[in-house]
Amino acid sequence: MADDSSRKRKVRGRKIRSDRSGKEGRRAKKELARKASQARSQNGDSPLSDPEEVAPEPFVETDAVTSLRNRITGWLRADQPVHLIGPTGCGKTALALSAAAERGRPVVWLNGDEAVDTAALVGDHAGGERYKEDDRFVSGVSKQTEIVRERWVDNPLSVAVREGATLVYNEFSRSDPSAHNVLLSVFEEGVLERPGKRGEDRSIDVHPEFRAILTSNDVEYAGVHEQQDALLDRFVGVHVDYHDETTEREIVDSHVDLSEADVETIVKTTRTLRDDLEVVVGTRAAITAAKGLAVFEDARQNGAADGEFDDDLLTDVFMDVLAPKIAGEGPDDIEALRTQIAESV
Ligand SMILES: Nc1ncnc2c1ncn2[C@@H]1O[C@H](COP(=O)(O)OP(=O)(O)OP(=O)(O)O)[C@@H](O)[C@H]1O
């Protein structure tokens, strides 16, 4: 990505909020409150969130970030589900939530994992509701019958399609692909089937404002299921790579209290490690390293200027940050990683 610092523009979190002020915002808020309380009374605990609450904070916008987010919101306006694909920790979730917040519709958040099946997406029977009915046959003689009525609870996908929310389905490729069969008819026919639900309202018509943003790491990363082509074909795929160096500096700077020179060194080191190492070194790694370096008192040699960290400590910090990525490997691999980091630092 080009490093275009001359045209850079930075906006911190609250900007989304101030842009959305005024009448339209108030109306949207009222509708949200109504929807949220409706869904809560039906479901007990609603998965709907206020878009302002999900807006990531801090959120740095440079031209590169803004243009990516505009692509996402543009495709959503064109009624296309968007699949954000990119390496771990490059900023997919932040972009997805920022785009979802920008729409101003309620947001439903879902996290993919092995345990997600169709019922977890759509809904399930949550036991029976018991009540007693009195039958009076003859005056003075009564019979009580216990009735058990099945109680259905909608899960996030059903709530999202019914309420016209923006669904943010994070790491969706971690879920079993068969759980996603119900999504095909959502995107193709505008109908959500609720398998297991009996009666006329077994299916829900998808609200015209329903939109979906899905994120996933590139398929080569371990532990990820390959999803069915029929589903992937229905998404627009936006590839998100690591941000340019200026953007990455702005992002790290927004998360920690360090000088510009310190942040510059940390980001440069991160980017060198990204090129040199086989493990994934995302922006999250840079932020975590910066958080450590901000508190370790022995981070600098005596008299060192801003941006100059003690090499051994810098190695230790990046080692700690990246070690989880080789968890389970033998001592040789751990040592090899340390040597590589020390050389890059
Ligand atoms: N524009 C931004 N402004 C501020 N912080 C950001 C921005 N983009 C990303 N970040 C931060 O960078 C880190 C990684 O971002 P994020 O979690 O969105 O990445 P991801 O690609 O979704 O990661 P994963 O694949 O692990 O879910 C987070 O700490 C996030 O807060």
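Bear in mind that the values in this text are calculations on the coordinates, not laboratory data. Note that the coordinates shown come from a computational prediction; the quantities given were computed from them, not determined experimentally. For neighbour counting, all protein chains shown are included, and Cβ atoms are generated from backbone atoms with ideal geometry for every residue, glycine included.
Here the Karplus relation 6.51 cos²θ - 1.76 cosθ + 1.60, evaluated at θ = phi - 60°, turns the backbone of the range 164-171 into coupling constants of x, 8, 9, 8, 10, 10, 7, 6 Hz, with x for every Gly and Pro. Taken over the C-alpha atoms, the range 205-345 has Rg and Dmax values of 18.8, 67 angstrom.
The GluC sites (Glu not before Pro) of the range 200-279 that meet both conditions, a loop assignment by DSSP and at most 11 other Cβ atoms within 10 Å of the site Cβ, are Glu220, Glu226, Glu278. Residues whose amide H lies under 5 Å from that of Leu214, counting only those 5 or more places away or on a different chain, are Val82, His83, Leu84, Tyr169; hydrogens are built 1.01 Å from N in the peptide plane. Cα gyration tensor of the range 175-244, axes a ≥ b ≥ c as square roots of the eigenvalues: rounded (a/c below 1.5), prolate (a/b > b/c) or oblate? Prolate.
Rounded to the nearest whole Hz, the Karplus-based 3J(HN,Hα) values (6.51 cos²θ - 1.76 cosθ + 1.60, θ = phi - 60°) of the range 142-159 follow the sequence 10, 10, 9, 10, 8, 10, 10, 10, 5, 10, 9, 10, 6, 9, x, 5, 5, 5, with x at glycine and proline.
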